[in-house]
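> First the structure, which I've put down as structure tokens, then a few questions once you've had a look.
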Amino acid sequence: MLAIAATALALSLTAGPAASDAGAGLDEAGTAAASAPEPATDASAALGLLSDAGVARSPVERPGALRQTGAHLLFAAGVVASSLLAVGLVYLPARGYFDVVGRPEPLVGTITFVPAGALKIAVSYWLLPELYRAGGGTPDIEATRQTMWRWVRWPALTAALGVVACIVGAALEREAFGRGQLLMAVGFSGVALSHTAFDILSIVASSYGYRH
Amino acid sequence: MSIALASTALVRCGGQPVNEAPAEFPLGVASGDPSADGAILWARYQGSEALKVLVWRATADASTALELSADGPYARVEVVGLDPGTAYRFAFVAGAHRSPEGRFRTAPPAGTRPLVRFGATSCAKYGWPFDCLARAAERDDLDAFLMLGDTVYADEAGTLAQYRDVWARSFVLPAFQSLRARTALIATWDDHEFDNNFGGDNVPPERRQAAEQAFFEHMPGRVTARPIWRSVRFGDTAEVFVLDSRSEREEPRYISAAQMQWLKAALSASTAKFKVMMSSVPIASYAVPFFQPFADDRWEGFPQSRDEILRHIDEQQIGGVLWVAGDFHLACAGRVSAKGVGANQYEVLVGPAAQMPNLSPSYPSGPQFDWSSGINNYTELELDPERGTIRARWFDGRGRALYTRDI
């Protein structure tokens, strides 16, 4: 999961216009019929992570304002749920360790950021945009997804850096009390801020992508 | 102040059949600050009949009891003339009503060095399980139980009536009643008996006075007004120095000049093998990012006072000093300083008895600290003058030993 997310992140951050063309035809199933699908030419295309620039789109049927609002709210609820899931994935192992041993283990409390972050990114990228289908019509899910991803990839990157800082700090902390705390604090702050930014931007960007 | 100090005259009493009456004694009984020949006996009394207290040897029956008169809704009686190092039972009686039975052990006599065993804890918040206190109350081998403060959380109280309610709601619970009845207490206060982060002048005088009165009404110590710093002697084995780490702060002093002067002189003069320093707030250095934001609330935030007492102990080569503190919501064992002044002194943190664990993502560990835990606990301190060691053991609410450390 982490490898997929990291690959996705790396490829997306480096993707240019030429690569974007290669992604043509990899729209959602509901829209692919309107364009002639071409075989994916590289891994990034296969992952469907490229910019939507140049993607041929089918006509989009717009639902009513009420249903659009409902779709937005559903997406926002999905963001909140995925965040709670990620927080739970971090908290529960750390809490379980604490309950057994009686003290926190910095490495347990930081390494769990990795699967939690990977799951959060995966759910946000692949699953949450699909919620816009609940609004009815024929929304361009792929455009929504790509717009969101262009916005949230930076906080995803800073969160990943924060996780690395946390883990390195935790490893230092195990050697001597206090040695890794500054790095852990910086990492925690980075993860928290990035996570918040990720959620806000994902809601704003997906809404923008959905409406345009 | 409605505390009544009863006559200390001892009168023989034949003892008579009476019924236990929880309504008249809703908070049970307690004892505190034991000496070699007595202790302070306490009861909350809600009745109109004349009150007296009976005291008898634990190995005898109540028909041999001594009788002392008592008075007041917060009855406090000093019993004297008892035999040293001896377990006693006591009960308050009003007409046909009798309180639950309490017990205490008088301190060993001067000139002797028997093994002495204390229980200790801190931070007992109403609403959390009090199973650690219940476990501690099962012990009948403790010479005294050290309460390191935050015995109640009265942050929301403002008037005397409200403070009394806060004390009563905790002390009416079976675990607290059992512990207070089982072993003599030696208590100090921390901030939550007043308000969160109480530091002397940051609570209005009227509120502070109400908080102090409620403390003195409910805790069976020898002091009924400030200052509360004092020492309690257990033969030549131990002297317990009870500090006031909260109410005498005045920049740049953490404790008043008078308290500091008394403490230094008493430490230097003490002939006890072990000097147990009851400070509600830790004196150890926690100069790390996760603990630094709260340094202003502990000794570390007042380096002049901290250095003064630690340096005095170092330079006077006063041996057998053990610092005991609470407040942090974690149990801990470690050296007071990583290096420099205090590096050869040791501190144990006791409790929390009933609280949320400290949320720091990293707890104290090597090289300065030997162990720490956030599990609710009480501590046993076994002071063995023959071996010259103090064995500290922490127990959780199931009675499981969490850690043992010979100091």
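The values are calculated or read from the model by the stated rules, or taken from the named source; none is laboratory data. The structure displayed is predicted, hence computed values, not measured ones. So basically every Cβ, Gly included, is an ideal-geometry build from the backbone, and we count neighbours across all protein chains shown.
Yes/no per residue for (1) at pLDDT below 95; (2) farther than 23 Å from A:ILE121 by Cβ:
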position	(1), (2)
A:ALA160	no, no
A:VAL163	no, no
A:ALA170	no, no
A:PHE188	no, no
A:VAL191	no, no
A:SER207	yes, no
A:HIS212	yes, yes
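> Let me ask something else. Only one of B:ARG405, B:ARG398 is more than 9 Å from chain A (Cβ to nearest Cβ) and assigned to a strand (DSSP E or B); which? Steps first, answer last, please.
On the way: B:ARG398 fails: assigned to a strand (DSSP E or B).
Just a single option satisfies the conditions, and that option is B:ARG405.
> Yes or no: B:SER231 assigned to a strand (DSSP E or B) and either in contact (Cβ under 8 Å) with a residue 60 or more places away in the chain or surrounded by 17 or more Cβ atoms within 10 Å (Cβ to Cβ) (or both)?
In short, yes.
> Quick check on the stretch B:336-387: of everything there that is within 7 Å of chain A (Cβ to nearest Cβ) and not in a loop (DSSP other than H, G, I, E, B), which residue is farthest from B:ALA137 (Cα to Cα)?
Among them, the one singled out is B:PHE369.
> To continue, here is another question. How many residues are away from chain B (no Cβ under 11 Å), without any contact (Cβ under 8 Å) to a residue 60 or more places away in the chain, crowded, with 17+ Cβ neighbours inside 10 Å and not small (Gly, Ala, Ser) when one looks only at the stretch A:165-203?
1
> If A:LYS120 meets every condition in (1) charged (D, E, K, R); (2) assigned to a helix (DSSP H, G or I); (3) surrounded by fewer than 19 Cβ atoms within 10 Å (Cβ to Cβ) apart from one, which number is that one?
So A:LYS120 meets the others, but not (3).
Condition check ((1) hydroxyl-bearing (Ser, Thr, Tyr); (2) buried (at least 21 other Cβ atoms within 10 Å of the Cβ); (3) outside any helix (DSSP H, G or I); (4) assigned by TED's automatic domain parsing to the domain that holds B:ALA284) across all residues:
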{"site": "B:SER170", "(1), (2), (3), (4)": "yes, yes, no, yes"}
{"site": "B:SER178", "(1), (2), (3), (4)": "yes, no, no, yes"}
{"site": "B:GLU193", "(1), (2), (3), (4)": "no, yes, yes, yes"}
{"site": "B:ASN202", "(1), (2), (3), (4)": "no, no, yes, yes"}
{"site": "B:ARG207", "(1), (2), (3), (4)": "no, no, no, yes"}
{"site": "B:PHE215", "(1), (2), (3), (4)": "no, yes, no, yes"}
{"site": "B:VAL223", "(1), (2), (3), (4)": "no, no, yes, yes"}
{"site": "B:ASP236", "(1), (2), (3), (4)": "no, no, yes, yes"}
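> Residue by residue through the stretch B:12-54, note down the ones that are farther than 16 Å from B:GLN177 by Cα, part of a strand (DSSP E or B) and modelled with pLDDT under 95.
Of everything in the stretch B:12-54, those that are farther than 16 Å from B:GLN177 by Cα, part of a strand (DSSP E or B) and modelled with pLDDT under 95 turn out to be B:ARG12, B:ASN19.
> Next question, about the same structure. Say whether the condition of being at pLDDT 95 or above and within 14 Å of chain A (Cβ to nearest Cβ) is met by at least one residue in the stretch B:308-325.
no
> Just to be sure before I move on: is B:ALA110 surrounded by fewer than 21 Cβ atoms within 10 Å (Cβ to Cβ), modelled with pLDDT of 95 or more and not assigned by TED's automatic domain parsing to the domain that holds B:PHE234 in the structure I sent?
For B:ALA110, the condition - surrounded by fewer than 21 Cβ atoms within 10 Å (Cβ to Cβ), modelled with pLDDT of 95 or more and not assigned by TED's automatic domain parsing to the domain that holds B:PHE234 - is met.
> Could you please find all residues in the stretch B:257-297 being of a type outside the set (Phe, Trp, Tyr), assigned to a loop (DSSP other than H, G, I, E, B) and touching a helix residue (DSSP H, G or I) at 6+ places or on another chain (Cβ under 9 Å)?
Hits for the stretch B:257-297 are B:SER279, B:VAL281, B:PRO282, B:ILE283, B:ALA284, B:SER285, B:ALA287, B:VAL288, B:PRO289.
> So, one more: So the check is Cβ under 8 Å with 6+ separation or different chains; which pairs have a first residue in the stretch A:102-130 that's more than 13 Å from chain B (Cβ to nearest Cβ) and a second one that's assigned to a loop (DSSP other than H, G, I, E, B) and crowded, with 20+ Cβ neighbours inside 10 Å?
A:TYR125/A:LEU49
> Kindly list, by first and then second residue, each pair from a residue in the stretch B:144-166 that is free of Cβ contacts under 8 Å to residues at least 60 places away in the same chain to a residue that is of a type in the set (Lys, Arg), limited to pairs with Cβ atoms under 7 Å and residues at least 6 apart or on different chains.
Filtered contacts from the stretch B:144-166: B:TYR153/B:LYS125; B:GLY158/B:ARG207.
> Can you tell me which residues in the stretch B:121-136 are assigned to a loop (DSSP other than H, G, I, E, B) and either of a type in the set (Phe, Trp, Tyr) or touching a Gly at 6+ places or on another chain (Cβ under 7 Å) (or both)? I'd like the intermediate steps shown before the answer.
Just the residues of the stretch B:121-136 that are assigned to a loop (DSSP other than H, G, I, E, B), to begin with: B:122-123, B:125-130.
If the condition is that a residue be assigned to a loop (DSSP other than H, G, I, E, B) and either of a type in the set (Phe, Trp, Tyr) or touching a Gly at 6+ places or on another chain (Cβ under 7 Å) (or both), then B:SER122, B:CYS123, B:TYR126, B:TRP128, B:PRO129, B:PHE130 are the ones that fit.
> Something else about it: Quick test of your reading of the structure: B:ASP297 fulfils all but one of (1) buried (at least 21 other Cβ atoms within 10 Å of the Cβ); (2) more than 14 Å from chain A (Cβ to nearest Cβ); (3) over 23 Å from B:ASP143 (Cβ atoms). Name the failing condition by number.
Exception for B:ASP297: condition (1).
> Same structure again: Taking B:ALA184, is it out of contact with any strand residue (DSSP E or B) (no Cβ under 8 Å at 6 or more places or on another chain) and among the hydrophobic types (A, V, I, L, M, F, W, C)?
no
> Taking the condition touching a Lys or Arg at 6+ places or on another chain (Cβ under 8 Å) and assigned to a strand (DSSP E or B), does B:ARG139 pass?
For B:ARG139, the condition - touching a Lys or Arg at 6+ places or on another chain (Cβ under 8 Å) and assigned to a strand (DSSP E or B) - is not met.
> Which one of these does B:THR151 not meet: (1) among the polar types (S, T, N, Q); (2) part of a helix (DSSP H, G or I); (3) touching a strand residue (DSSP E or B) at 6+ places or on another chain (Cβ under 9 Å)?
(2)
> Being under 30 Å from A:ALA170 (Cβ atoms) and modelled with pLDDT under 95: is that true of B:PRO361 here?
The answer is yes for B:PRO361.
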